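In what follows, a structure is listed as structure tokens, so that the remarks can point back to it.
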Amino acid sequence: MTSVNECPVAHGSTATDIGSGESRPIPGNYDRIGIRTAIDFQRNGILEIIERMWREHGDISELRVAAKRIVVLAHPDHARAVNVERMDKYTKGPSYDGARTLLIGDGLVTSVGKEWKEQRKMLSPFFTPKAVRGYAPLMMEDAEWFARRWEGRAGSHEPVEMLSEMAALTASIILKSLFSTTAQDVREQLQDAVETMIQYTSGRQLNRFRPPEWVPTPARHEYEVARQRLDEFVLHVIVERRKLPADQRPADLLSQIMSSETTLSDKLLRDQCVTMLIAGHESTARTLAFVWYVLATNPEVAATLHDEVDALPQDISLEDLKDAPYTLGVIKETLRLYPPAPIYLRDVVADDQFGPYTVKAGSTVLVAPYFTHRHRDFWSEPERFDPQRWMNDAEYGMHPYAYHPFAGGNRVCIGKNFTFMETHLLVILLARRFAPVTVPNYRPQWRMRGVLGPDNGLPMMMRGRTK
């Protein structure tokens with residue numbers, strides 16, 4: 001994958017003339033058998049393939065593998081059409097079957113139609129800005145726990161794996177928020193189980209020549225063990241929680257869901273819980289890890305952020321977040337250049353028109369915020385990390401879909417408010433005391449394996465700050 005500073009300038013077709021009526025073939029690549037593409041996927045990863053197509057063909061291109069058509073969309077107008085204007089032509093169909101079967105079942109992320117509407121209506125009240133404020137104390141509590149953990153490592157020349165560090169922190173927070181679970185050994189086991197399940201699921205989705213699921217490969221065995229561990233834990237908590245009178249249940253997300261007017265089966269409760277467990281810590285952990293990386297590699301940005309967080313009261317409250325706009329700008333800019341979900345898929349259920357190109361029903365569209373966020377028509381010096389893009393209401397003048405790290409429309413990530421509050425608090429509380437640095441000669445090799453991350457990990461060394 002090319003580095004951020006080497007990302008190409010998109011060119012060619014745009015979406016300004018959506019639905020013009022004229023039709024011609026979508027430019028792209030055709031692999032009749034699929035062997036060449038499968039090798040390319042394994043060797044270089046999906047982001048590099050998409051980047052090449054974007055560089056060569058512009059904002060809309062098509063990858064045809066045998067009978068499969070994947071249309072890559074990089075223009076903000078494309079994202080708006082798929083998410084809002086013509087969302088009835090797009091759904092989460094076969095492209096999400098792997099996640100349904102192997103990972104999160106029929107929860108909010110993968111459900112469609114009436115079932116999705118009912119789930120969204122039920123869950124939305126629990127994720128409003130006001131509702132998520134109730135989880136701030138446990139976030140602050142875990143930030144203090146993690147600060148003590150890092151104090152013992154500050155000054156050491158032994159690096160830590162920052163992705164794993166942040167996953168431990170966010171897993172602890174989501175387990176407390178969702179289940180009121182505090183046991184460290186449980187957190188570690190579930191964190192490992194979730195990571196194993198994600199890697200297995202994403203590996204199967206990207207490998208066209210994967211063996212059938214019934215083949216007893218080592219990877220399949222590890223997945224089965226991980227899934228059993230996760231399911232046994234979640235279902236046990238659900239069964240025990242049902243035994244308690246409503247007024248004796250802990251005030252966590254599971255209890256709120258169980259007390260809603262919609263009665264869910266144990267299976268669907270499991271699916272909702274696993275969806276929130278995975279989405280509630282994996283993506284946030286990566287965002288936090290990437291924040292530490294950009295601070296370590298952009299010293300002027302780090303200095304400005306440190307000045308801001310140092311000026312805040314020692315005993316911070318949620319009201320103090322408004323006095324840390326630059327820190328929030330760092331988080332938003334990190335999500336621009338390093339969105340944990342760099343692409344997302346939709347299955348086409350009715351023909352659609354983008355300028356002179358017809359996207360056929362039965363195709364899959366791949367919406368690519370990773371490249372939309374680098375589009376020179378919408379971003380000045382798009383490869384440069386610049387939190388000032390988000391200061392003084394500057395974002396209100398931009399195209400609404402030039403930036404969509406949480407997707408958009410009715411299916412925008414329901415945990416967006418939770419994530420922003422969590423990352424804002426944790427960065428402030430930890431950056432006041434620590435300034436992790438990258439190991440010498442480190443250069444990330446960005447790749448997507450279900451989510452975005454460096455293929456070579458993110459080793460960093462702890463450094464305490466003196467004011």
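Structure notes:
- With θ taken as phi - 60° and the Karplus curve 6.51 cos²θ - 1.76 cosθ + 1.60 applied, the whole-hertz 3J(HN,Hα) list for segment 363-378 is 7, 10, 9, 10, 8, 10, x, 3, 9, 4, 5, 10, 7, 5, 6, 10 Hz, x standing for glycine and proline.
- Listed values for segment 245-258 are Karplus-derived 3J(HN,Hα) couplings in whole Hz (6.51 cos²θ - 1.76 cosθ + 1.60, θ = phi - 60°), namely x, 4, 7, 10, 7, x, 8, 10, 5, 4, 4, 4, 5, 5, and x replaces Gly and Pro.
- With every protein chain in place, segment 211-308: carbon and sulfur % of accessible area (1.4 Å): 56
- Neighbours of ALA193 by Cβ distance under 15 Å: Lys/Arg scored +1, Asp/Glu scored -1, total -4.
- 13 Å beta-carbon shell around ALA285, net charge (K/R +1, D/E -1): -4
- Radius 12 Å from Cβ of ILE26, net charge of other residues (Lys, Arg +1; Asp, Glu -1): +1
- Taking 0.36 nm per residue of separation and subtracting the current Cα-Cα distance, fully stretching the chain between ARG463 and VAL112 would add 121.7 nm.
- Taken as Cα centroids, segment 170-194 and segment 371-392 sit 35 Å apart, rounded to the nearest whole angstrom.
- Considering all different alpha carbon pairs of segment 397-462, the Kirkwood hydrodynamic radius works out to 15.1 Å.
- For the chain, size of Cβ-based charge dipole, Lys and Arg +1, Asp and Glu -1, in debye: 940
- Stokes-Einstein diffusion coefficient of segment 304-349, Kirkwood radius over Cα pairs, 25 °C, 0.890 mPa s, in µm²/s: 189
- When only the Cβ of Lys, Arg, Asp and Glu is charged (+1, +1, -1, -1), the dipole of segment 188-343 relative to its Cα centre reaches about 980 debye.
- Rel. contact order, % - alpha carbon contacts under 8 angstrom, at least six apart, the chain: 28
- If both residues of a DSSP beta bridge must be in the chain, then about 70% of such bridges are antiparallel.
- Extension gain for the segment GLU300 to GLN189, taken as residue separation times 0.36 nm less the Cα-Cα distance, is 36.1 nm to one decimal.
- Near the amide H of GLY58, within less than 5 Å, lie the amide hydrogens of HIS11, all on another chain or at least 5 residues away, with H placed in the peptide plane.
- Summary: within the chain, the longest segment free of chymotrypsin sites (Phe, Trp or Tyr not before Pro) located in DSSP loops with at most 12 other C-beta atoms within 10 Å is 215-467.
- Those residues of segment 72-100 whose amide nitrogen sits under 16 Å from the label point placed on ALA66, 7 Å along Cα→Cβ: 95
- For segment 133-260, the calculated P(r) over all alpha carbon pairs, in 5 Å bins from 0 to the bin holding the longest distance, is 2, 9, 15, 16, 16, 15, 12, 9, 5, 2, 0 percent.
- When the charge dipole of the chain is built from unit charges on Cβ atoms (+1 for Lys and Arg, -1 for Asp and Glu) and taken about the Cα centre, the candidate among MET276, SER95, GLN388 whose Cα reaches farthest toward its positive end is SER95.
- Relative pair counts by distance (%), Cα atoms of segment 344-467, 10 Å bins: 9, 25, 38, 20, 6, 2, 0
- Segment 180-330 shape via C-alpha gyration tensor axes, a/c threshold 1.5: oblate
- Projected over every direction and averaged, the convex hull enclosing the alpha-carbon atoms of segment 102-208 yields 9.7 nm².
- Fully extended contour minus Cα-Cα distance, from LYS416 to ARG149, at 0.36 nm per residue: 93.4 nm
- Computed over protein heavy atoms with a 1.4 angstrom probe, the accessible surface ordering of ARG270, ARG43, ARG100, largest first, is ARG43, ARG100, ARG270.
- Distance distribution P(r), the chain, all Cα-Cα pairs, bin width 20 angstrom from 0: 23, 58, 19, 0 percent.
- Applied to segment 331-343, the Karplus parametrisation 6.51 cos²θ - 1.76 cosθ + 1.60 on θ = phi - 60° returns per-residue 3J(HN,Hα) values of 5, 5, 5, 4, 5, 5, 7, 10, x, x, 9, x, 9 Hz, with x for Gly and Pro.
The values are calculated or read from the model by the stated rules, or taken from the named source; none is laboratory data. Everything numeric in this text was worked out from a predicted model, so none of it was measured. Virtual Cβ from ideal backbone geometry, glycine too; neighbours counted across all protein chains shown. Just so you know, the surface numbers come from the protein's heavy atoms only, side chains and all, with ligands and any DNA or RNA stripped out. Shrake-Rupley method; radii C 1.70, N 1.55, O 1.52, S 1.80 Å.
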